[in-house]
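The values are calculated or read from the model by the stated rules, or taken from the named source; none is laboratory data. Model, not experiment: these values are computed from the prediction. With ideal geometry, Cβ positions are generated from the backbone for all residues, glycine too; neighbour counts draw on all protein chains shown.
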Amino acid sequence: MSSLLGLPSGFNWKEPDYNPVFRKRWQVLERLRDNPEQLPAIKQFYRERPAQFINDWGVTYDPRNVERGLPPLVPFLLFPRQAEWIDYVLRKWRAQEPGLTEKSRECGVTWLAVATACTLGIFYEGVSIGFGSRKAEYVDKIGELKSIIEKGRVFMSALPHEFRAGWVRELHAPHMRMRFPDTGSNIGGEGGDDIGRGDRRSIYFVDEAAHLERPESVDAALSMTTNCRIDVSSVNGSANPFAIKRHSGMVEVFTFHWRDDPRKDQAWYDRKAAEIGDPVIVAQELDIDYQASTEGALIPSAWVQSAIDAHVRLSFPPSGARYAAFDVADEGPDACAFVGAHGVVVEVLEQWSGKGSDIYQSVAKCFDLCDQHGYEWFRYDADGLGADVRGDARVLNTQRGGRRPIRVETFRGSGEVVDPKREDVKGRLNIDYFRNAKAQAWWSLRIRFLKTHRAVTGERTYSPDELISLSSDLKLLRRLCVELSQPTYQLNQAGKVVVDKTPDGARSPNLADGVMIRMAAAKRAMVISDAVIARARAGGLRR
């Protein structure tokens, strides 16, 4: 069977040419109409591959294309993260589980949800999918493409009639509804307080869930309506049910960051940030920063964004020691994190669940990662669960045969500050300003990001060793960016800095913890010369 999945050779996302795509679609359609007996097999193929159907035949509409010399109606070509999102929704639906999608502005997730809903309606019998938003006109206003259901009408109208499941716009798309005659499936919409008060649904998408006026009422209604509620929203601070749910660890989160969109780059971000102006709105709507409007945010998201590929933007090569950090987790909702860096450039991020394993297996995985990336040692969080890492490392090193041992070094966040008589903050001794080593290490990381932001924006010049750079190739970069802006700080009654990594009940930011541990200053070890040791053995030193 012919398939169009995959981009035309040399396709340029930033300057797209859709003519070859339209031509190829028409050629395939002509062959299909010459051989209609193939249609049942093709439909069965697409039934199991909704993302491929959308990529092969779907369209999306953006009137802003006209000013770029492009048609407003263009093929819905999926980039990888979009296809992953469709698979995520299907998995949640089949498992009858809720899901949550946090997103940057202008990533087209609403169009993606509508296309997915229509595709399921075309190929599955008896599916009922709901859409809700805080205002009814956002859900459906005929002729207004800002509304959700109207997007569905456009998507369906542009499909070849062979794939419309008997749908006719004039007959099967009244206000707030769409019906698919051949399959008996349907799509329905509701707004405001009416969300969830209609029919039962196979899947229910709540659009911009963080901006609902009465979210508790919606929660109660939807709990009786669907087993698969998918909340989709940009960020609106941390004091709302969407944010609380996102950080609860009780729902699988899908992050759709603007960096996942190949049509966007740093220049796009800088332009949008300048257009928006307000740094809080930029942080929330582009950077997915829940703490942007929170007093005491430790590392603002703008600083994190400046650190992405800072070594490239400031033209300094990675240099210095290459080693890693390990943040330990057990079988609970938190995850183990491994962070590797070459000097100040973070180059490796790995995360895995401790579920079904034990600390020993996680330490063994750290050893494998060190071997894979050429790290001779790693620092680990020795508080709590990490207490056994040294012993496990000792056992693993005895099993390495002729290979070099992997050295481990402790980091104790609950321990005393490093260099207590030094002034990391001018005018305040470290022992007087930081509650413990964790607060000091997080503050040190804050200063690195601040200096990097100032250097990237041209405000100041610093030695590269004072900065931090996050490689844009990190596969978990978007998650790390969100986590780095999560912790908050305040001064306790003694006037010392206290860091809260999990404000408002958020999950522990394990990747960010790993970066903090990796960049933390180490206590100076006491160095004793061989001569001193010899004298001690000879009785030359008193106890």
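Filtered by the rule that a residue be at pLDDT below 90, of a type outside the set (A, V, I, L, M) and farther than 19 Å from L476 by Cα, the range 243-268 gives K245, S248. When the helices (runs of 4 or more DSSP H) confined to the range 418-512 are screened for residues that are surrounded by 16 or more Cβ atoms within 10 Å (Cβ to Cβ) and aliphatic (A, V, I, L, M), those reaching at least 1 such residues are found at 437-456, 477-484.
Highlighted here are the helices (runs of 4 or more DSSP H) found entirely within the range 257-324 that include at least 1 residues which are among the aromatic types (F, W, Y) and closer than 16 Å to L484 by Cβ: 301-307. Among the residues of the range 197-214, how many are crowded, with 18+ Cβ neighbours inside 10 Å and out of contact with any Phe, Trp or Tyr (no Cβ under 7 Å at 6 or more places or on another chain)? Final tally of qualifying residues: 6.
Taking the listed residues R91, R64, the one that is modelled with pLDDT of 95 or more, out of contact with any strand residue (DSSP E or B) (no Cβ under 7 Å at 6 or more places or on another chain) and part of a helix (DSSP H, G or I) is R91, with no other qualifying. Give me a count of the residues in the range 146-156 that are under 18 Å from V232 (Cβ atoms) and touching a residue at least 60 places away in the same chain (Cβ under 8 Å). Going through the range 146-156 one residue at a time, the tally reaches 2. Screening P72 against (1) under 23 Å from the mean Cα position of the chain (by Cα); (2) closer than 22 Å to P16 by Cβ; (3) without any contact (Cβ under 8 Å) to a residue 24 or more places away in the chain leaves a single unmet condition, (1). Do we find a residue being modelled with pLDDT under 90 and surrounded by 20 or more Cβ atoms within 10 Å (Cβ to Cβ) anywhere in the range 337-360? Scanning the range 337-360 turns up no residue that is modelled with pLDDT under 90 and surrounded by 20 or more Cβ atoms within 10 Å (Cβ to Cβ). Would you say A267 is small (G, A, S) and within 30 Å of S444 (Cα to Cα)? Yes, satisfied.
A quick yes/no check of all residues on (1) polar (S, T, N, Q); (2) out of contact with any Phe, Trp or Tyr (no Cβ under 6 Å at 6 or more places or on another chain); (3) in the same structural domain as L467 (by TED's automatic domain parsing); (4) farther than 26 Å from G415 by Cα:
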| residue | (1), (2), (3), (4) |
| --- | --- |
| D358 | no, yes, yes, no |
| Q361 | yes, yes, yes, yes |
| Y380 | no, no, yes, no |
| G384 | no, yes, yes, no |
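Residues in the range 267-321 that are hydroxyl-bearing (S, T, Y), free of Cβ contacts under 8 Å to residues at least 60 places away in the same chain and more than 24 Å from F254 (Cα to Cα): S315 alone. So, in the range 230-256, of the ones that are assigned to a helix (DSSP H, G or I) and not basic (K, R), which residue ends up farthest from S471 (Cα to Cα)? The qualifying residue farthest from S471 (Cα to Cα) is P241. Take G189 and tell me if it is modelled with pLDDT under 95 and either in the same structural domain as E102 (by TED's automatic domain parsing) or out of contact with any Phe, Trp or Tyr (no Cβ under 9 Å at 6 or more places or on another chain) (or both). Answer is yes for this residue. For the range 407-439, name all the residues that are of a type in the set (G, A, S) and closer than 17 Å to A382 by Cβ. Across the range 407-439, the qualifying residues are G413, S414, G415, A437, A439. Taking the numbered list (1) closer than 20 Å to T502 by Cα; (2) under 25 Å from the mean Cα position of the chain (by Cα) in turn, L385 passes all entries but (2). Of all the numbered requirements in (1) exposed (fewer than 15 other Cβ atoms within 10 Å of the Cβ); (2) more than 19 Å from F155 (Cβ to Cβ); (3) not acidic (D, E), W26 misses one, and that requirement is (2). Taking the range 237-253 as the range and being under 18 Å from E483 (Cα atoms) and surrounded by fewer than 19 Cβ atoms within 10 Å (Cβ to Cβ) as the test, the residues that pass are G237, A239, I244, S248, G249, M250, V251, E252, V253.
Note on the range 386-397: residues that are surrounded by fewer than 19 Cβ atoms within 10 Å (Cβ to Cβ), under 24 Å from M519 (Cβ atoms) and not charged (D, E, K, R) total 1.
Taken together, the residues in the range 4-54 that are farther than 24 Å from G121 by Cβ and of a type in the set (G, A, S) amount to 3.
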